[in-house]
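The values are calculated or read from the model by the stated rules, or taken from the named source; none is laboratory data. Since the model is a prediction, treat every value here as computed from it, not as a measurement. Quick reminder, even Gly has a Cβ in these numbers, built from the backbone with ideal geometry, and neighbours come from all protein chains shown. All accessible areas refer to the heavy atoms of the entire protein, side chains included, with ligands and DNA or RNA removed. Shrake-Rupley method; radii C 1.70, N 1.55, O 1.52, S 1.80 Å.
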Amino acid sequence: MAIFDGPSPLSIIMILAGLSQLAADLVFPAAEPHDERQEEIKRKSGHMSYALSIVYVFAMLMLFQWNVIEDIMKAFMYLLFIQVMTFPVMMFIYNRRS
C-alpha cells in the first residue's frame, strides 16, 4: 500500500466504513427496538455477503488476469468497496422481504 498514488488507503477505508454504517442505520434506525427479526436479517445478510465475497475475489482475479483491470491496487480498492457495501445492501433487501 506504500506505493499507492492517490488518497490514503486509510482514509478510503474510513470513508467506506462510515458509508456502510450510515446505510445500516437507514435500514435499522437506533430508535427501533432490537428484536429477533433484526438478528435474523443481519445473520442472513452476513452469510450472503460472505458467499458473494468469494465470487467478488474470483471475478476480480479473473479480470486482472485477463488485463481488463491493469492496476492491482485499483482492483483491491474496487474489491474493498464492493465487499464493505454488500452487507448494508443485503440488509436492505432482506428487510424489504420480511
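PHE58: surrounded by 10 or more Cβ atoms within 10 Å (Cβ to Cβ) and in contact with a helix residue (DSSP H, G or I) (Cβ under 8 Å, 6 or more places away or on another chain), yes or no? Against the criterion (surrounded by 10 or more Cβ atoms within 10 Å (Cβ to Cβ) and in contact with a helix residue (DSSP H, G or I) (Cβ under 8 Å, 6 or more places away or on another chain)), PHE58 does not qualify. Annotation for region 61-76: no member residue is touching a residue at least 24 places away in the same chain (Cβ under 8 Å) and under 12 Å from the mean Cα position of the chain (by Cα).
The residue of region 28-55 that is surrounded by the most Cβ atoms within 10 Å (Cβ to Cβ), among those that are modelled with pLDDT under 85 and not charged (D, E, K, R), is PHE28.
Among the residues here, LEU22 qualifies as surrounded by fewer than 11 Cβ atoms within 10 Å (Cβ to Cβ), closer than 13 Å to PRO88 by Cα and at pLDDT below 90. Cβ-Cβ under 6 Å, sequence separation 6+ or interchain: first residue in region 83-97 and of a type outside the set (Asp, Glu), partner at pLDDT below 90 and open to solvent by 40 Å² or more (accessible area, probe 1.4 Å). Which pairs? Here the result reads none, with nothing in region 83-97 linked to a residue that is at pLDDT below 90 and open to solvent by 40 Å² or more (accessible area, probe 1.4 Å).
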